Structures are given as C-alpha cells and as structure tokens.
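Values quoted throughout were computed directly from the atomic coordinates according to the rules given, and no laboratory measurement underlies them. Note that the structure is a prediction, hence the values are computed from the model and not measured. Cβ coordinates were reconstructed from backbone atoms using ideal geometry, including for glycine residues, and neighbour counts include every protein chain displayed.
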Amino acid sequence: MPSIPLHLSPKDPISTIANPLPRVLQTPTGLAILEIQGTINLPQASPSESTIPIGRLVFPDYSADNPSSNTAWMKRVHLYVGQHQRLTGEVKKLPKAVAVIKRRETNDAANEELEIMEIIYWKVVFSSRPEPVGT
Amino acid sequence: MSTQEDSGVPFEMCNGQQHLRLLELPSALLEQITSKRLSNLTLKSATPNSSSQTSANAVLCTDNQTYRVRQVQSSNSIYVLQPSETSPEDGFIPTIGLSAIAQCTATLELIPEPASATPFLKQTVPVYSGPESGTQLPTASAPLEKKNKHAILERAPCSLGEFNKACEELCVFEVDGQAWLPTASMLANVWKSIISGATMRSVNLGEGFSIATLSRIVEEDGHPTALFRAVMDRLSSNDIELMDDYAALSREKAVPWVGLVLLQSHHMSTEAVLLSDFLQDWQNQLLEDWRNNAKLDALKGKYSQPGNGRIVFDESGGSASASSTPAKSGRNNTRKWHEKFKNARR
C-alpha cells in the first residue's frame, strides 16, 4: 500500500475572475458542480479551439438583490443547449460536501501527490428531459 | 455582463479536460478540514502486485482515523465548472462565462472504518520467538529486507494513531531497523524476567521505579532492551508518563495481560491446562498485592473451558473486545482479516 499525501489546500491558488454564478454557488476558486442526467452530444471539436460552446445557463428567478434567505429561485434553472433545446433543473445542496481533488504538480514524478482544490456544497442539477424551444 | 439577466451565463466545454476526482466528505472529516484542525491526509492504495485480497482497496487516513474509499459510478454527467472569459464573435467586451473543465464519471465515497492494525501487524511483522530469530534473518527462506515500523506503517491500511496503538498492544519492538512481533511465550518469559528481577532488587513495579536497573537484569536474561521497553510501554500507567528512566506499572493493565500471555503460551505448547494450575501460575507471576485480581473475569471472552476442569485460550466469544488484546492467535485473526476485506469488496 503505497501512501500518497493528500494536501488540504492547493499549492497554486487558482486565480479567479469574477464569478457569474449566484452567490450560493460561488466558491473561493470559482469551481462549481453541474450535473445532467444524460449526456451532452458535442459537435466535432476543431483542435484549434480551446473551448466548445454549448449554450447558456439561466437563473430566471434569481436576483442579486434578493436576501439570502430567499431560496425560491433555486427551484428553477434553465440550461439552453444549442439553439433549440432547454433543460430545466434546480440548485440543490449536496448531501455531503464534495472535495475536488487533482494531482499536484511536482518535480518528482515518482512520488505522486494529491491536493484538494476546493470543497463544494451546492450543485446545479438537471434531471428532466430536454424540451424544444424556438429561437 | 449587463445582459446576463436576459441571456444567462455562456456555458462551454473546455477542450483539454482535466483529470479531477470528486471525494464526498463525511461531516466529521469536513469539519476537521475546514477548521484546519487536520494537518495531514494520506491516501493509501494497494498496488496491483500486493498480496492476497487486500488489493482492491484504498483507504484514506487522518492522523488517527481510517476511511475506506469506495468508488461509486454515476450514470449522470457530472461536470466541474470554472468561470472563464469568452470573447463573443461580434463583441469587443469579453463576457464571463462558465467552462466545464472536467467530467467526473465516478464519485469517491468515504466510509468510516475503525481499523485495527492488529491483524495486519500479525501478518506483516516477523515473529520474534527468541534471540535466534534475529540471526535467522535474512536467510534464503526469508529473504525479506529489513523493515522498521515506519516502512510497515506505509503499507498498513490504517492511520498512524491506530497503527501505534496496535504496536503498543502487541509489544512490537524494533532492533537495528527491523520490527519484530514477540510471541506470547516470549512475552511470558520477559515478564518472568521482569518479575524475578523486581523481586531480587526489591523493586515495587506498582509504584515508581527506575527502568535502567530492571532493564539491565532483563537484558542479562537475553532479552532485547527494545522488547523490554515495549512491555513497559504496554503496561505502564496512563497517568504517569513513561519517562526515560522512570515508570510505574498499572495493575489494571498488567493483571489481565499476564494472564492472557500465560494462557496463550500454554495454548501454543499444549491443548489445555488445568484451571487450578493456570490460576496458580498466574498468581505466582504477579506482585503480591495484585494476586487477588487474578480472576477469570479479567480474561472474559478470551478463554473457554472444554470441561474436565481445563481452560484453553479462545477469543471467539470475545469479539467485541477482541481487537484490544495483546498477542492473540494469529491464525484466527488472519482469517477474519480476509473476511473483512472480502466484504469490503462487495
């Protein structure tokens, strides 16, 4: 049983830009969890592009001015996929907090080290079928 | 950003996906991590070539707690998102969107598993049954490299605290960078040497005494000093720190321990011993004012009486307290260890 250290915080803090998510979903590093029941069929990616656009995430009932005690907005989240489909989901508290773990970059390739990048308490989950929407 | 309310947050998939894992944190562990009371987490995973049925397992250890790691596959797509800047084709001002940097198909669950290192130590640590054990290593039949406690801990599926506790229970000791597990009869011999040395020098083991004096006597009887120290650690009172040269033995620890060690060493040589003989032997091996405590109650769950006024070592009835006893029947436990892992794999 080789032992691998699991560090409790990242060695190189992730530099964050402004976080576009509602406050409850924000974490210090900006990481968040999104869960879809099903899969997203991606178009063939051109290797030159660093990202593949999927769509937009909308929190229709959320307003930054809402008091934090107001959680009604969590019941409705939309994920528009491409031009014609929409998933409806919600913001949910994870039953147990989840640590996001990655391999730590070290000079010593022989000795693996892991680190906790972030601890996440909430997720956005889409468990219903996609519905068609007009553009 | 101004149109965010209307059009939402752009969502995209990162082309170079990272390899991230999600680990569910039980609330107790989470609290330890967030309050920064935890200094250290170690993931121990079995190597493919590691022996027997333990190979499918990984454990996560804090300083004194062990969690079994279970991988749970999910049919859902779980993405880890990170804010990212996107430049719209027609606009000049980059908008802030979300980029899925990793997809996790499985979540790691942690199941608290109070681990006893005892069975592992019995499997791993070479048995010390006398001074000749030391000279036998390494031989052709046992070409193992020297392993000190630290090297064994690296491979043990448990935390440091649990490991140290089991080492103390079993009186595991180290000589020249090699850890040894003394047999019950070896421990009984060491104890005889201690008690006769103490009588000779009128040392009262129950009160403060100098270890050095006793250590010399025990050493003259051919026992390693490290083994003597291990026995002292095992039996000394909790409320008195074992200092370099000063100790007091605890009656509560020593009386049952001596009984058990004696019973086990009988067990190794013969099948059953007469109860009356055993009790007398036990009492003779104790300090005078400890003798009244030498009752079978002290060995509850560790013996059985097959009849004819005889007694044998048998811990099958004492499952609850089984893991906290020193030097138990190795064979019995080995089997339990395997069963445990078999269950864990299901």
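The mean number of Cβ atoms from other chains found within 10 Å of a Cβ in peptide B:21-28 is 5, as a whole number.
May I ask you to derive the relative contact order of chain A, considering only C-alpha pairs under 8 Å and at least 6 residues apart, and to give it as an integer percent? Rounded, it is 32 percent for chain A.
Per residue, how much space in cubic angstrom lies within the convex hull of the C-alpha atoms of the stretch A:27-72?
Numbers: hull volume 6.8 nm³, N = 46.
Here the figure is 147 Å³ per residue.
Hey, with R₀ at 35 Å, roughly what FRET efficiency would A:T39 and B:Q123 work out to, going by the Cβ-Cβ distance, to 0.05? Before the final figure, lay out the partial values.
Working: r = 45 Å, r/R0 = 1.28.
That pair, A:T39 with B:Q123, gives E of 0.20.
To the nearest 0.05, how large is the calculated FRET efficiency for A:K92 and B:N15 if R₀ is 30 Å and r is the Cβ-Cβ distance? Kindly include the intermediate steps, with their values, before the conclusion.
Numbers: r = 28 Å, r/R0 = 0.95.
Using R0 = 30 Å, I get an efficiency of 0.60.
When peptides B:94-100, B:190-196 are sorted by average Cβ neighbour count within 10 Å, with the highest value leading, the order is B:94-100, B:190-196.
Cross-link candidates for A:K75: which aspartates and glutamates have Cα within less than 16 Å, leaving aside residues fewer than 8 places away along the same chain? The qualifying aspartates and glutamates are A:E35, A:D61, A:E90.
Take each residue in B:14-20, count the other chain C-beta atoms within 10 Å of its C-beta, and the mean is 4.
Counting Cβ atoms of other protein chains within 10 Å of each Cβ in A:32-41 and taking the mean gives 5. For chain A, taking Cα atoms only, Rg and Dmax work out to 18.1, 56 Å respectively.
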